[in-house]
Structures are given as structure tokens and as C-alpha cells.
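Note sheet for the following structure.
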């Protein structure tokens, strides 16, 4: 009774809300919040109203590439949206999933957690730079094709780059060692056994190509 009196004082009357309308309202509200968050982040990355951008030169996949970057811009953003290297995926965008992994001076790094202007003196290697100039795939890439190692493959480039970096320090790993070496990468399809099988095949391919006999 009190609630009805309050509604009358506010000049409103209770209305029946269907389940469909309620769900539509929730979806619309969620979309609005997500859009606002995306626009806010985009304006921050692009430096809306900020003139702090500068033209810098990066060593990417053995080539000198120039890009106009903001001081707070991440390497993942620069690679994808400034240089067109979309093989580097943006997953969590907070250094947890590993989809954006690239090599900096042969060491795997989450490019979403690296500021672009800090890598001007380093060699950046992305998935696009692995294959030979004649189109021959990298041994790890070939191993994945041979074993059909991924399902949706969104995370694939990150796993490949992490594996290549790890195998530079341990070219003949056990399955357990390789699993530990790529443990910073996550797969939403969760077919880790198949992924490991394909990466182990890739490691064997690398040893064969490099003529390494480690027993």
C-alpha cells in the first residue's frame, strides 16, 4: 500500500513488464556501457585532445617501419592498427592470455603490456615475419598444419611466437618442459593436448631444419 501511495505522489503508476522487454532492456543497457568503455579507451589510446604523438622508427620483422604513436600507446595497438600486422591478436588486453605475444630481441613478450616507444632499439618479430621470403613456413607453423593443432585458432599466433622464443633457449624440450614454456598462453577452446602435440612436431621440424642432433 505504501509503495502505491509513493508511486501516486511521483505521478507514476506500476506497469507490467514482459520478460522479452526486460531482457531487451538489459541487453541495451549492457551494450551502452560496453560502447562507452570502448570509446573511452580508444580516445585515451589515440590521445584525443592530446598532441603528445611522435613519429618513431621501429625494427619490425627485419624492416624499418615508421609510425606516429602516442606516449601511452601499446605495441599491440601499433602493430595492428598502425602497421596493419593483424596476426598479433588482442585478447584480454591486460597481459593475461598471451594472444598478443611477439618476440623482442628473441624473447617472448605480451605486446599489449609494452609501450611502443620503449622498443625503438629492439628487434620486433611478429607472426607475419616467421615464414621465409619464398613463402616456406616456419617449422612450428608447419607442425601445426601437420597436426591440425588448433580449433578456432584465435590464440594460435601467440602460442607460435611463445614456442619459437622458448625453443631458442631449449631446442629439444620434453613435452612437460614445452608445456611449462608456453604456460603463459591460454586457449579458450582448451584443447591443450592437441596444441602440445603440434608444437612438439614443430620442435622436431626445427631440429631437422637446423640439423641439430641432440638425441
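So the values come out like this:
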{"quantity": "Some residue of the stretch 100-115 being modelled with pLDDT of 95 or more, touching a helix residue (DSSP H, G or I) at 6+ places or on another chain (Cβ under 6 Å), surrounded by fewer than 19 Cβ atoms within 10 Å (Cβ to Cβ) and more than 14 Å from residue 164 (Cα to Cα)", "calculated": "no"}
{"quantity": "Residue count, the stretch 190-215 (criterion: assigned to a helix (DSSP H, G or I) and surrounded by 12 or more Cβ atoms within 10 Å (Cβ to Cβ))", "calculated": "16"}
{"quantity": "Leading residue by the ranking (farthest from the chain's Cα centre (by Cα)) among those in the stretch 60-84 that are surrounded by fewer than 18 Cβ atoms within 10 Å (Cβ to Cβ) and part of a helix (DSSP H, G or I)", "calculated": "82"}
{"quantity": "Matching residues in the stretch 85-101 - criterion: being under 8 Å from the mean Cα position of the chain (by Cα) and in a loop (DSSP other than H, G, I, E, B)", "calculated": "88, 89, 90, 91, 92, 93, 97, 98, 99, 100"}
{"quantity": "Residue within the stretch 151-161 that is over 20 Å from residue 197 (Cβ atoms) and in contact with a strand residue (DSSP E or B) (Cβ under 9 Å, 6 or more places away or on another chain) present", "calculated": "no"}
{"quantity": "Only listed residue being surrounded by fewer than 13 Cβ atoms within 10 Å (Cβ to Cβ), assigned to a loop (DSSP other than H, G, I, E, B), touching a residue at least 24 places away in the same chain (Cβ under 8 Å) and at negative phi, chosen from 152, 187", "calculated": "152"}
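The values are calculated or read from the model by the stated rules, or taken from the named source; none is laboratory data. Model, not experiment: these values are computed from the prediction. For neighbour counting, all protein chains shown are included, and Cβ atoms are generated from backbone atoms with ideal geometry for every residue, glycine included.
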